[in-house]
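Right, one structure below, let's go through it.
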Amino acid sequence: MANVTVIGAQWGDEGKGKIVDWLASRADAVVRFQGGHNAGHTLVVGEQVYKLSLLPSGIVTGTLSIIGNGVVLDPWHLKSEVEKLRGQGVEINADNFAIADNCPLILPVHRELDGLREAAAGAGKIGTTGRGIGPAYEDKVGRRAIRVCDLAHLDALEPQLDRLCAHHDALRAGFGQPKIDRDSLLKELAKIAPFVLQFAQPTWRRLNKVKKAGARILFEGAQGVLLDVDHGTYPFVTSSNTVSGTAASGSGLGPSATGFVLGIVKAYTTRVGSGPFPTELDDDTGQRLGERGHEFGTVTGRKRRCGWFDAVLTRQSCAISGVTGIALTKLDVLDGFEKVKICTGYRLNGKILDYFPSHAADQANVEPIYEEMDGWSGTTAGARSWADLPAQAIKYIQRVQELIETPVALVSTSPEREDTILVRDPFAD
Ligand code: GDP
Ligand code: IMO
Ligand code: MG
């Protein structure tokens, strides 16, 4: 089984895009299986920087790229992202790119509802990306979504839109908003339909066919396990399952297809949006991590919150997602720190915990217990082999893998594709 499933093992932005891009040239297909254009995956290849939100990162290497059924798809965003990438010289056509025809659509009404809810929540807001992800998934499980395949049957769309509008108009009335202009929505959908449909197909068939022919499939997760709607810091989560198992259901391949589960782990911790964050640093050290790591959101430009590495949370994510090995990223950001800290447990109401509790109040109140290590004076930036790493940096990596009970398969030492150390080949397993 030579497939690889890449997932984020923290709160997103761990460097999934870079690692997927690095692995993509050795894969036959790259598949997005959940989330939508709330993701922001950055790829750096020489002088070129590619920022992808919806398209699988494999598109940059020309690898067959598939948007699976588990994704929620904004058709207008799709068009603009395809055009942006084509403008950067990336080839995108019906041979190397396909969209599952059973993907639910994100409509303008979803984005509006996302914004209205966040505004109404005031200080209690989730801090979403504002892209309509939550409302679109609600409509999917509410069985009233418009899907990609519906765009090929515009004549049958009116009653479907009526059902959707009846639901949303009631919600909108509560926010003092006007009813949806159904006719203009139908016109807009009819206009965008040909663009989407040129790529649409039952992608589960194509994937099963390439799988049978022995292809290596690379699944590209978005967000991270701590944003998973079941296992994350609920309610401060996204609206999809971000764990590795979703690769199967979100693509139409069985669970054995997930193969090697590669958890992407940042050498420290960041979070964008609201919610608990035990090791968050509101001081100069947090500031320094943010500056050295350029921690600004790709999608919203928001400043990411920063803190020390949390081994408790990462161990939990690795266990929940069945991570086979990790890619440790952004190690270079810790270069030059005299001391580095790792959270190894929590204190809560006088008790010691070795896991993150489920209740939001407990999550907010845990106090991290730290272990301190010497930093390293040499640099790891740009290192491409184990031998290039300072001895103390190696000690840090070893301590991380010991505490999270999961081995390191890759180490990333800069945004650049090739600045990557291979320890254990995920495709060889
Ligand atoms: P993703 O959402 O998991 O794909 O991660 P993002 O692309 O949102 O954020 C990761 C950021 O860190 C991007 O700007 C990457 O170019 C950058 N990056 C990835 N790996 C490394 C690394 O090893 N070192 C440094 N300094 N930056 C990295
Ligand atoms: P990538 O794939 C980091 C966060 C938002 C918010 C919460 C819910 O780049 O790692 P949503 O718009 O999904 O309803 O927002 O989830 N969030 C991310 N944080 N990286 C991401 O994606 C994220 N996608 C969503 O900030 O806290
Ligand atoms: Mg990101």
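The values are calculated or read from the model by the stated rules, or taken from the named source; none is laboratory data. Keep in mind that what you see is a predicted model, and the values were worked out from it rather than measured. Note that we place each Cβ from the backbone using ideal geometry, even for glycine, and neighbour counts take in every protein chain shown. Note: accessible area is taken over every heavy atom of the protein model, side chains too, but ligands, DNA and RNA are not part of it. Shrake-Rupley method; radii C 1.70, N 1.55, O 1.52, S 1.80 Å.
Figures for the structure shown
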| quantity | calculated |
| --- | --- |
| Strands (runs of 3 or more DSSP E) fully within region 304-383 counting 1 or more residues that are under 21 Å from Thr420 (Cβ atoms) | 325-329 |
| Residues being open to solvent by less than 50 Å² (accessible area, probe 1.4 Å) and within 17 Å of Thr314 (Cα to Cα) - total across region 353-365 | 4 |
| Residue among Gly350, Gly345 that is open to solvent by 30 Å² or more (accessible area, probe 1.4 Å) and either at positive phi or not β-branched (Val, Ile, Thr) (or both) | Gly350 |
| Among (1) open to solvent by less than 10 Å² (accessible area, probe 1.4 Å); (2) away from ligand 2 (no atom under 16 Å from the Cβ) - the single one Arg288 does not satisfy | (1) |
| Residues of region 298-330 satisfying the condition of being of a type in the set (Gly, Ala, Ser), within 17 Å of Gly15 (Cα to Cα) and open to solvent by less than 10 Å² (accessible area, probe 1.4 Å) | Gly307, Ser317, Gly325, Ala327 |
| Test result for Gly293, modelled with pLDDT of 95 or more and near ligand 2 (Cβ under 8 Å from one of its atoms) | no |
| Residues located in region 211-235, provided they are of a type in the set (A, V, I, L, M, F, W, C) and either touching a strand residue (DSSP E or B) at 6+ places or on another chain (Cβ under 9 Å) or on the phi > 0 side of the Ramachandran plot (or both) | Ala215, Ile217, Leu218, Phe219, Ala222, Val225, Leu226, Leu227 |
| In region 89-113, the residues that are part of a helix (DSSP H, G or I) and either surrounded by fewer than 22 Cβ atoms within 10 Å (Cβ to Cβ) or of a type in the set (Lys, Arg) (or both) | Pro108, Arg111, Glu112 |
| Answer residue from region 17-34, given it is more than 10 Å from ligand 1 (Cβ to nearest atom) and of a type in the set (Gly, Ala, Ser) and is modelled with the lowest pLDDT among those | Ser25 |
| Subset tally (residues that are open to solvent by 20 Å² or more (accessible area, probe 1.4 Å) and over 21 Å from Ala327 (Cα atoms)) for region 239-265 | 6 |
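A quick yes/no check of all residues on (1) of a type in the set (Asp, Glu); (2) farther than 20 Å from Arg206 by Cβ; (3) in the same structural domain as His153 (by TED's automatic domain parsing); (4) without any contact (Cβ under 8 Å) to a residue 24 or more places away in the chain:
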residue	(1), (2), (3), (4)
Leu52	no, yes, no, no
Leu64	no, no, no, no
Trp76	no, yes, no, no
Gly87	no, yes, no, yes
